[in-house]
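Some notes on the structure that comes next.
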Amino acid sequence: MTELLGILTYPFMIRALIAAVVTGLAAPAVGTYLVQKRLSLMGDGIGHCAVTGVAIGLLTHTSPTWSAVVVAVLAAVAIELIRERGNTNGDLALALLFYGGIAGGVMITGIAGQSAQTLQSYLFGSLLTIAPSDVVVTVALALTVLVACLGLGPQLFAVSQDAEFARVAGIRVRFYNVLIAVLAAVTVTVAMRTVGLLLVSALMVVPVATAQQVTRTFRTTLAAAMGLGLVASVGGLVAAAWLSFAADVAPGPAIVMLALACFVVSWPLGAWRRHRQRLREPFAALEPLGHDVTDAHPHTHGDDCGHPAVPHGDHVDYIHDGHRHAPHGEHYDEH
Amino acid sequence: MSTVIEARGLSVSIGGRPVLRGIDVAISDGEFVALMGANGSGKSTLVRALTGLRPLITGEVRLFGVPLGRFRDRQRLGFVPQRPSAAGGVPASVWEVVSSGRLTRRPFLRPLRSIDRAAIRNALEIVGLEDRAGDGVATLSGGQQQRVLIARALAGEPELLFLDEPTAGVDLANQVALAEALRQLKDKGATIVLVAHELGPLAPLVDRAIVLRDGRVAYDGPPLGDHAVPETLGGEPHTHHHGHELLQARRQHAPQVTSPLDSRPEEGR
């Protein structure tokens, strides 16, 4: 334990923690809009393309972060424009872009004479490679993403919910669609050092999937996803640091596994809640066909009798062994 | 009475095929117009052209006297698109969906003012869903979700409302609720353009019917009665409409990577 506390105070670890905090908040914020647009895999596609960006940085001996930002933004805008054409095969066109991105990245890395090991630290995250200047850039970009996602929330919500409606209402739909794509691209590169390019999409999407198991409104989904993202990224980072005494654990996989664990815990809760909701859904307000009195009924239905009480018109029916019992004077009617 | 919508010589093509040809329509302030016709006759396309969602090949559209390209008073328009559901990929409450219809009126980057809240509440009351405001949209029935989409358009307090098949796949009770909402709006003097296959409970509200057949106006005049389109005008007496024509559209199985060079196919799906 003291070893863990020791490692947490190393300067590189503090830098990694700062990066993890801002990434954990920003990634699910963008991710919520992507999931709402049913583009859960967009982050993954941008991540694949960013691999080429990193490789170009390695080849030209410039900052891989900045070349990754440039390529990721270009890829995101390209994906958005192809998608905007809105034909059924858009997903296939996107797949072509994804594989081109990762194949190009691995190939250019080889041409640059760099080892797969170098690329790996970008693919799955690496604690040790975060330089102080990286932290400044990461925090600045992540804050930009957060301000845009929260400040422009109503516009982004309207555009993601129903683009045609938003267009008729005079909202600049293409601008906001491209904005979401660019924010996603920026988030991908921000998360590159902590989670890694191949896993960043998980941090964008998994907390949202977890949150929506138990939420009803968009606002709470967004907030809960950000909270879960924070817990997963900081928790995963600390877990990776702790496990590093025993084995070589990259932070990216640890963060994603923790996020998935949260989902596995929340899923049964959501399933139970949905089941309960279905059970309590009001019956159609139709009059019963006739006056059917139930057989001798020793049980008295009430608020806490254990039988679901379902609204039916102006009264409630109690669900009892596959029957619907409605109180009627001294007896129960079959409804 | 002033003219709210004026279309002259309007033609629209989709993927190079002419869908609407030489449409001339003028709709006056306060009219309730039903756009009718068989599947593929171009009713929805006409609404999409009038709202600016679909570019014109030739002709001109003026809304409130202003050419569509320069029309900026978007808060005067309301649009209820044809949707099987009001839900997106993330849970959203009825209140949240309806309040997105208020964006045209509320100031940029500012929270909802009390006047905005009142308008949203009022829209929910008109469609009879005020007690469901906090519920998730996805938990509502199909007909109730359709009413949410209408409330969303009403929240912007439009003077001109377009509805694309709001009654498709909606049960009678919900159609009655919907008709009541539209009656209230009509009483306030709004102009309403409704695309419909069957009018049902909406029939008493309609002032005028425009029937399209194969992309041209086949009839323009007083309403024709409920099951409305005579066979001579392309009506199909025994078919029932199931809402989502687009689902049956032919699929192409080649990856359309070159599509950015073509004109747009069906947008926004």
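At-a-glance table
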{"read-out": "Any hit, region A:87-95, residues being at pLDDT below 85 and under 30 Å from A:PRO11 (Cβ atoms)", "value": "no"}
{"read-out": "Failed item, numbered, when B:GLY16 is tested on (1) on the phi > 0 side of the Ramachandran plot; (2) in contact with a helix residue (DSSP H, G or I) (Cβ under 9 Å, 6 or more places away or on another chain); (3) open to solvent by 30 Å² or more (accessible area, probe 1.4 Å)", "value": "(2)"}
{"read-out": "Residue in region A:51-69 that is under 18 Å from the mean Cα position of the chain (by Cα) and crowded, with 18+ Cβ neighbours inside 10 Å present", "value": "no"}
{"read-out": "Only listed residue being touching a helix residue (DSSP H, G or I) at 6+ places or on another chain (Cβ under 6 Å) and within 30 Å of B:LEU63 (Cα to Cα), chosen from A:VAL190, A:VAL206, A:VAL182, A:VAL178", "value": "A:VAL178"}
{"read-out": "First in region B:51-68 and aromatic (Phe, Trp, Tyr), second anywhere and surrounded by 17 or more Cβ atoms within 10 Å (Cβ to Cβ) and not in a strand (DSSP E or B), Cβ under 9 Å, 6 or more apart", "value": "B:PHE64/B:PHE71; B:PHE64/B:ARG76; B:PHE64/B:GLU159"}
{"read-out": "Single match in B:LEU53, B:LEU35, B:LEU63 (criterion: in contact with a helix residue (DSSP H, G or I) (Cβ under 7 Å, 6 or more places away or on another chain) and within 14 Å of chain A (Cβ to nearest Cβ))", "value": "B:LEU53"}
{"read-out": "Matching entry among B:LEU178, B:LEU149 (being in a helix (DSSP H, G or I), touching an Asp or Glu at 6+ places or on another chain (Cβ under 9 Å) and in contact (Cβ under 8 Å) with a residue 40 or more places away in the chain)", "value": "B:LEU149"}
{"read-out": "Count of region A:144-175 residues which are within 19 Å of A:THR217 (Cβ to Cβ) and small (Gly, Ala, Ser)", "value": "4"}
{"read-out": "Index of the failed condition, B:GLU31 passing every other in (1) over 16 Å from the mean Cα position of the chain (by Cα); (2) open to solvent by 20 Å² or more (accessible area, probe 1.4 Å)", "value": "(1)"}
{"read-out": "The listed residue being open to solvent by 20 Å² or more (accessible area, probe 1.4 Å), assigned to a helix (DSSP H, G or I), modelled with pLDDT under 90 and within 12 Å of another protein chain (Cβ to nearest Cβ), out of B:GLN75, B:GLN82", "value": "B:GLN75"}
{"read-out": "Of the criteria (1) touching a helix residue (DSSP H, G or I) at 6+ places or on another chain (Cβ under 8 Å); (2) within 14 Å of chain B (Cβ to nearest Cβ); (3) surrounded by fewer than 20 Cβ atoms within 10 Å (Cβ to Cβ), which one A:LEU96 fails", "value": "(1)"}
{"read-out": "Residue count for region A:158-196, restricted to those that are in contact (Cβ under 8 Å) with a residue 24 or more places away in the chain, more than 7 Å from chain B (Cβ to nearest Cβ), over 30 Å from A:ALA239 (Cα atoms) and in contact with a Ser or Thr (Cβ under 9 Å, 6 or more places away or on another chain)", "value": "3"}
{"read-out": "Residue among A:VAL182, A:VAL195, A:VAL256, A:VAL208 that alone is of a type in the set (Val, Ile, Thr), within 30 Å of A:THR52 (Cβ to Cβ), assigned by TED's automatic domain parsing to the domain that holds A:ALA26 and assigned to a helix (DSSP H, G or I)", "value": "A:VAL182"}
{"read-out": "Residues (farther than 23 Å from B:LEU182 by Cβ and not basic (Lys, Arg)) located in region B:12-38", "value": "B:VAL12, B:SER13, B:ILE14, B:GLY15, B:GLY16, B:PRO18, B:VAL19, B:LEU20, B:GLY22, B:ILE23, B:ASP24, B:ALA38"}
{"read-out": "Search result, residues across region B:46-72 that are surrounded by fewer than 20 Cβ atoms within 10 Å (Cβ to Cβ) and in a helix (DSSP H, G or I)", "value": "B:LEU68, B:GLY69, B:ARG70"}
{"read-out": "Residue, surrounded by the most Cβ atoms within 10 Å (Cβ to Cβ), within region A:99-142, restricted to residues that are at pLDDT below 85 and over 26 Å from A:ALA239 (Cβ atoms)", "value": "A:GLN114"}
{"read-out": "Index of the failed condition, B:VAL90 passing every other in (1) at pLDDT 90 or above; (2) at positive phi; (3) at the interface with another protein chain (Cβ under 9 Å from one of its Cβ atoms)", "value": "(2)"}
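Every residue, every condition in (1) β-branched (Val, Ile, Thr); (2) buried (at least 24 other Cβ atoms within 10 Å of the Cβ), yes or no:
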site	(1), (2)
B:GLY88	no, no
B:SER99	no, yes
B:ARG102	no, yes
B:ARG106	no, no
B:ARG121	no, no
B:VAL127	yes, yes
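Residue-by-condition table, conditions (1) closer than 27 Å to A:GLY235 by Cβ; (2) in the same structural domain as A:GLY125 (by TED's automatic domain parsing); (3) among the small types (Gly, Ala, Ser):
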| residue | (1), (2), (3) |
| --- | --- |
| A:VAL21 | yes, yes, no |
| A:GLY24 | yes, yes, yes |
| A:ARG38 | no, yes, no |
| A:THR52 | no, yes, no |
| A:ALA68 | yes, yes, yes |
| A:ARG85 | no, yes, no |
| A:LEU92 | no, yes, no |
| A:ALA95 | no, yes, yes |
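Each row is one residue, and each column tells you yes or no for (1) at positive phi; (2) touching a helix residue (DSSP H, G or I) at 6+ places or on another chain (Cβ under 8 Å); (3) hydrophobic (A, V, I, L, M, F, W, C).
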site: B:PRO107; (1), (2), (3): no, no, no
site: B:ARG110; (1), (2), (3): no, no, no
site: B:ILE115; (1), (2), (3): no, no, yes
site: B:ALA119; (1), (2), (3): no, yes, yes
site: B:GLU130; (1), (2), (3): no, yes, no
site: B:THR139; (1), (2), (3): no, yes, no
site: B:ARG147; (1), (2), (3): no, yes, no
site: B:LEU154; (1), (2), (3): no, yes, yes
site: B:GLU157; (1), (2), (3): yes, yes, no
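The values are calculated or read from the model by the stated rules, or taken from the named source; none is laboratory data. Here the structure is a predicted model, which means the values were calculated and not measured. Reconstructed Cβ throughout: ideal geometry from the backbone, glycine too, with neighbour counts over all protein chains shown. For the accessible areas, the whole protein counts, side chains as well, though only heavy atoms, and no ligand, DNA or RNA atoms are used. Shrake-Rupley method; radii C 1.70, N 1.55, O 1.52, S 1.80 Å.
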